[in-house]
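All remarks here apply to the structure that follows.
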Amino acid sequence: MLQRTSYLTKNYGKPEGWTLGVYESTGGYAQAKRVLTSMTREQVVDEAKKANVRGRGGAGFPMGMKWSFMRPHPTKPSYLVLNADEGEPGTHKDRTIMELNPHAVVEGCIIGCFGIGAHVAYIYVRDELHLSKARLWGAIEEARKKGYLGKNPFGTDYAVEVYVHTGAGAYICGEETALLNSLEGKRGEPRLKPPFPAQVGAFGCPTTVNNLETIAVVPTVMEVGGEAFSKLSALHSLNDGGVRLYGINGHVKKPAVVELACGPTINELIYEIGGGVQGDRKVMCVIPGGSSTPVLLPSETVNAPDPSSPMHPWHGKSVFDVPLGVDTARNMGTMLGTCCVTVLAEGTCPVLAMHNLMQFYRHESCGQCTPCREGGAWLLRTVERILDGRGTITDVDNLSDIASNMMGNTICAFGEGTAMPALGFIRKFRPVFEQYVRGERTRADARLTVA
Amino acid sequence: MPFSLSPERERELEAILSRYPTRMAALIPTLHLIQDQEGWISDEVIAWVSQRLDVPPAHIKGVVTFYTLFNQHPVGKHQVWVCRTLPCALRGAGDVLAQCEKKLGIHAGETTANGKVTLRTAECLASCGTAPMMQINKEYHENLTPEKVDRLLTKLMEG
Ligand SMILES: Cc1cc2nc3c(=O)[nH]c(=O)nc-3n(C[C@H](O)[C@H](O)[C@H](O)COP(=O)(O)O)c2cc1C
Ligand code: SF4
Ligand code: FES
């Protein structure tokens, strides 16, 4: 059942809700103070682990575990880096936190720095988000004036500085190692892993990269307590804890960003949050968590007859009625991603939708790996040819081949992020691709809007 | 006139440099600071930044060409970016772009003859919940309607 919560969003919509006064009137900075004045680093990491916060940036890696990888280096400092590049098509959640609750980010940085043994946090915000940057800088200034940042936060000697850093319009800088190169003043090209950022991160030093929402929820984790926080989620038993922001966009009546206990279903998001589909149409498909996550159709069902399968409780049900979590999404053949769902209503053209996304990926590849650089360009050219009525059946098969050959053959996950959604469209809408080849559909009739 | 940074921006540059352990890390913020003043990044600017941050010009050129937002040529007084990516396209981004092209009499990627407006398409700007949208200079304009677009562009062409 859908459960609305308001930890991150309690000051959304209040007048001047982003200022220190409002934030402190609802308990703000009490947790940072408590952590710095009365807890050890191990205790903080332990709470983080118990909270089962799965990274909010897309991959769903457990936050507490990532923090525990940080080891003090004999000579080098450590860094906390927040990923607020928010560029994954369909994703519009981090921006609301920066604009409406920036102090949660700053307080999260203080606790996070302490938890990983860092004294400096960089918040990497994509350049276009000018209001977000201004609100973050405003919050940092307010916190510094109060003595919550600087050399002696809350009278302790655990120095913390927080800075905002900007990109310059490159989606790939959301990939964590590209982001680190960009932070260092270089081209945003992903690095080979290993070494991982916990060993060699920003400026060659141990670094934790977390999504902005992952860090913004940390004060709540400390306030509620790790285990109690985890239990707020419908997926606590799958180690997918707490609350998070969900977005709904595309062909719904009321696009929105809301805070919910983890584990709403796609149907709940569409009908209870989004107010249903435009024109009361049926849903053709959804992109569950940003454009890199393969589409799901309402006609797909869960096939997990074995009672020991974690998916068994939903055996035989539509994938739109399964609580969305990191592991449940993976078991449905897609990915949870960023928890912002894009809805495509019946009447829209899946080939045109894929073409739109392939333009995006073609434009954003950093170009280091041949399969990604060339594969992305081929995918776009081929789908364009099919759309224009110049394609053959071989072209349809080629799409699958090209995408399959990109998988696992690239430096970073952008390659898979291009190939997986492409394969999703081709496999699930193959008859439509074939209709274009046979001339039964034309580009002139293809649409993306329904209203 | 040879390039120089305004006194206010000079102070901002010092503040930027104090945030990082290396001078190179200040490169992208510095280029933004200069582009805000000059509108684009010329070879002369690259030479100036190279001296100032002690970073080779070739490295700076590599950075400028990598990032979409750095202009390698002069652009119009105002920048209009229409988001074209799928979530916006599902809510009418195609019509918004067509309307802009018609009203301004140019195609995406071009600048009006009077040098006032450069029109471009953007990839997802994190406003998919308030689509369709466009960015004009540093401001987002969301939940666009044909009337809204018309009003905004009229103002730009006059201003
Ligand atoms: C191509 C690509 C783009 C990404 N973009 C973002 C992004 O915009 N924001 C984000 O938080 N993570 C993004 N990620 C994921 C990051 O690499 C990284 O996993 C994440 O920042 C870790 O934070 P988390 O563990 O708190 O989720 C992207 C990954 C890839 C491969
Ligand atoms: S997979 Fe693509 S984006 Fe990632 S490093 Fe290779 S070329 Fe660059
Ligand atoms: S697709 Fe336009 S803002 Fe996301």
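The values are calculated or read from the model by the stated rules, or taken from the named source; none is laboratory data. Every value quoted in this text rests on a predicted model; they were computed, and no experiment measured them. Neighbour counts are summed over all protein chains in view; Cβ atoms, including those assigned to glycine, are modelled from backbone coordinates with ideal geometry. Side chains included, ligands, DNA and RNA excluded: accessible areas come from the protein's heavy atoms. Shrake-Rupley method; radii C 1.70, N 1.55, O 1.52, S 1.80 Å.
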Exercise for review: Could you please find all residues in segment A:195-253 being over 20 Å from A:His92 (Cα atoms), buried (at least 23 other Cβ atoms within 10 Å of the Cβ) and within 14 Å of chain B (Cβ to nearest Cβ)?
Suggested key: A:Gly201, A:Ala202, A:Pro206, A:Thr207
Point to revise | Set A:Ile110, A:Ile116, A:Ile123: member being within 12 Å of ligand 1 (Cβ to nearest atom), touching a residue at least 60 places away in the same chain (Cβ under 8 Å), open to solvent by less than 10 Å² (accessible area, probe 1.4 Å) and touching a strand residue (DSSP E or B) at 6+ places or on another chain (Cβ under 6 Å) | key: A:Ile123
Review point. Residues in segment A:312-324: is at least one modelled with pLDDT of 95 or more, in a loop (DSSP other than H, G, I, E, B) and within 21 Å of A:His92 (Cβ to Cβ)?
Key: yes
Revision key, fill the gap. By residue number, the members of segment B:82-130 that are touching a residue at least 40 places away in the same chain (Cβ under 8 Å), more than 10 Å from ligand 3 (Cβ to nearest atom) and at the interface with another protein chain (Cβ under 9 Å from one of its Cβ atoms) are B:Gly92, B:Asp95
Study note, to complete from the structure: Just one listed residue, out of A:Val286, A:Val224, is more than 16 Å from ligand 2 (Cβ to nearest atom) and more than 21 Å from the chain's Cα centre (by Cα), and it is A:Val224
Point to revise | Count of segment A:58-89 residues which are within 16 Å of ligand 2 (Cβ to nearest atom) and either open to solvent by 70 Å² or more (accessible area, probe 1.4 Å) or small (Gly, Ala, Ser) (or both) | key: 3
Review point. Does B:Ala98 satisfy being of a type in the set (Gly, Ala, Ser), surrounded by fewer than 19 Cβ atoms within 10 Å (Cβ to Cβ) and in a helix (DSSP H, G or I)?
Key: yes
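Wholly within segment A:142-234, which helices (runs of 4 or more DSSP H) include no fewer than the required count, namely at least 2 residues that are away from ligand 1 (no atom under 15 Å from the Cβ) and in contact (Cβ under 8 Å) with a residue 40 or more places away in the chain? Walk me through it before giving the result.
Numbers: elements: A:176-183, A:212-216, A:218-224, A:226-231.
It comes to A:218-224, A:226-231.
Scanning for something within 16 Å of ligand 3 (Cβ to nearest atom) and either within 14 Å of chain B (Cβ to nearest Cβ) or closer than 20 Å to A:Ile110 by Cα (or both), does segment A:172-181 turn up at least one residue?
Step one: filter segment A:172-181 for residues within 16 Å of ligand 3 (Cβ to nearest atom), giving A:174.
Next, from what is left, pick out any that are either within 14 Å of chain B (Cβ to nearest Cβ) or closer than 20 Å to A:Ile110 by Cα (or both): A:174.
The answer is yes; a qualifying residue exists.
Residues checked against (1) in contact with a strand residue (DSSP E or B) (Cβ under 6 Å, 6 or more places away or on another chain); (2) among the charged types (D, E, K, R):
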position	(1), (2)
A:Gln3	yes, no
A:Glu16	no, yes
A:Val53	no, no
A:Pro72	no, no
A:Tyr79	yes, no
A:Glu86	no, yes
A:Met98	no, no
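Being touching a helix residue (DSSP H, G or I) at 6+ places or on another chain (Cβ under 8 Å) and part of a helix (DSSP H, G or I) is the requirement here; does B:Cys124 meet it? Working first, answer last.
Working: touching a helix residue (DSSP H, G or I) at 6+ places or on another chain (Cβ under 8 Å): yes; part of a helix (DSSP H, G or I): no.
Spelling it out, it is not the case that B:Cys124 is touching a helix residue (DSSP H, G or I) at 6+ places or on another chain (Cβ under 8 Å) and part of a helix (DSSP H, G or I).
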Review point. Somewhere in segment B:44-52, is a residue more than 9 Å from chain A (Cβ to nearest Cβ), assigned to a loop (DSSP other than H, G, I, E, B), surrounded by fewer than 19 Cβ atoms within 10 Å (Cβ to Cβ) and at negative phi?
Key: no
